[in-house]
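The values are calculated or read from the model by the stated rules, or taken from the named source; none is laboratory data. Since we're looking at a predicted model, the values are computed, not measured. With ideal geometry, Cβ positions are generated from the backbone for all residues, glycine too; neighbour counts draw on all protein chains shown.
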Amino acid sequence: MLKQSGLLVILIGAMLTGCDSGVITFPAPEPALVRIANVTQNVPVSRVTIDSTKVVDVPRGDASQFTEVSAGRPVTFTIGSPDKVFRSNLKYTFGGGGRVILFVRGDTTSLVEFRREIQDTLLPSNTPNSVIRFTHMAETVDKAYFLEVWITGGEKLLPEEYEPGISSLNYKSIQPGTYSFEVREGRTSNVIATLQNVTIKSGQSYMLYSYDAEPPLVDRVTLKIF
């Protein structure tokens, strides 16, 4: 009984010491990384401001490098151009160590917003192969509404058909080398767009994506990769 009572006194003393400090410290999560792609109809440079402190300018059709953002709390995004704000009330909460891709879509006469966030992946440095994924971001489409992704002169790269705004469910393993890719009208051999002589390096994660050519015309689609 004496030993148990002594243990109780020690525990109570520890609790009181914690209360006296008035501060409970939680470990801060590892920051997340965000990459922005500009697939708008007619915004030459998409400006994304993160938490009013970090500014990312992305030319139309391109993607930024990864930008570090806070994790574990809401992060505010403002999107527009260098001289105009189109959207200022977007908030995302990122998990620690997350790698997220955000596509900016729309045009200057209607709502410009992000499509849903896409989780990227990081491969170990000694991984012999790479992985690749596809996102269909063209919007002025008819025959190009449903797309298939192929290796030119070879096999179908990914099993699904994709409609606008949809990404492949999983990353596909691909061996290092030089490839040409094409997107076809779903369930046909009609080639909508091509991307030639892409060098795939080992241990890398790639995103292949479609978007409207400039100016946006029906089924004029550009294919790009990062």
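Assigned to a strand (DSSP E or B) and either among the aliphatic types (A, V, I, L, M) or closer than 24 Å to Leu33 by Cβ (or both) - does that describe any residue in the stretch 153-163? Checked against the condition, which is being assigned to a strand (DSSP E or B) and either among the aliphatic types (A, V, I, L, M) or closer than 24 Å to Leu33 by Cβ (or both), the stretch 153-163 yields no hits at all. Can you spot a residue in the stretch 45-64 that is in a loop (DSSP other than H, G, I, E, B), exposed (fewer than 13 other Cβ atoms within 10 Å of the Cβ) and touching a Lys or Arg at 6+ places or on another chain (Cβ under 7 Å)? Taking every residue of the stretch 45-64 in turn, none turns out to be in a loop (DSSP other than H, G, I, E, B), exposed (fewer than 13 other Cβ atoms within 10 Å of the Cβ) and touching a Lys or Arg at 6+ places or on another chain (Cβ under 7 Å).
Screening Thr109 with (1) surrounded by 12 or more Cβ atoms within 10 Å (Cβ to Cβ); (2) in a loop (DSSP other than H, G, I, E, B) gives one miss only, at (1). Among the residues here, Lys84 qualifies as outside the structural domain of Leu195 (by TED's automatic domain parsing), surrounded by fewer than 17 Cβ atoms within 10 Å (Cβ to Cβ) and of a type in the set (Lys, Arg).
Among the residues of the stretch 203-212, none qualifies, meaning not one is surrounded by 15 or more Cβ atoms within 10 Å (Cβ to Cβ), at pLDDT 95 or above and over 20 Å from the mean Cα position of the chain (by Cα).
Among the criteria (1) in a loop (DSSP other than H, G, I, E, B); (2) under 22 Å from Val69 (Cβ atoms), the one Val104 does not fulfil is (1).
This table checks each residue for (1) out of contact with any His (no Cβ under 6 Å at 6 or more places or on another chain); (2) surrounded by 13 or more Cβ atoms within 10 Å (Cβ to Cβ).
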residue	(1), (2)
Glu113	yes, yes
Val131	yes, yes
Thr140	yes, yes
Ile166	no, yes
Gln175	yes, no
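Scanning the stretch 90-111 for residues that are farther than 17 Å from Arg35 by Cα and touching a residue at least 60 places away in the same chain (Cβ under 8 Å) yields a total of 3.
Which residue, of Glu163, Glu155, is without any contact (Cβ under 8 Å) to a residue 60 or more places away in the chain and closer than 22 Å to Gly61 by Cα? Result: Glu163 is the single residue among Glu163, Glu155 that is without any contact (Cβ under 8 Å) to a residue 60 or more places away in the chain and closer than 22 Å to Gly61 by Cα.
Could we say that Glu148 is among the charged types (D, E, K, R), within 25 Å of Ile200 (Cβ to Cβ), buried (at least 19 other Cβ atoms within 10 Å of the Cβ) and not assigned by TED's automatic domain parsing to the domain that holds Asp51 here? Yes, satisfied. If you check Tyr206, Tyr179 for being part of a strand (DSSP E or B) and farther than 11 Å from Trp150 by Cβ, only one passes: Tyr206. Among the residues of the stretch 114-173, none is identified as in contact with a Leu (Cβ under 9 Å, 6 or more places away or on another chain), among the basic types (Lys, Arg) and more than 21 Å from Ile101 (Cα to Cα). Selection of the stretch 71-98 for residues being over 16 Å from the mean Cα position of the chain (by Cα) and part of a loop (DSSP other than H, G, I, E, B) yields Gly72, Arg73, Pro82, Asp83. Taking each residue of the stretch 121-145 that is under 17 Å from Gly106 (Cα atoms) and looking for partners that are of a type in the set (Phe, Trp, Tyr) with beta-carbon atoms closer than 7 Å, six or more apart or interchain, yields Thr135/Phe103; Thr135/Tyr209; His136/Tyr162; Met137/Phe103; Met137/Tyr209; Met137/Tyr211; Ala138/Tyr211.
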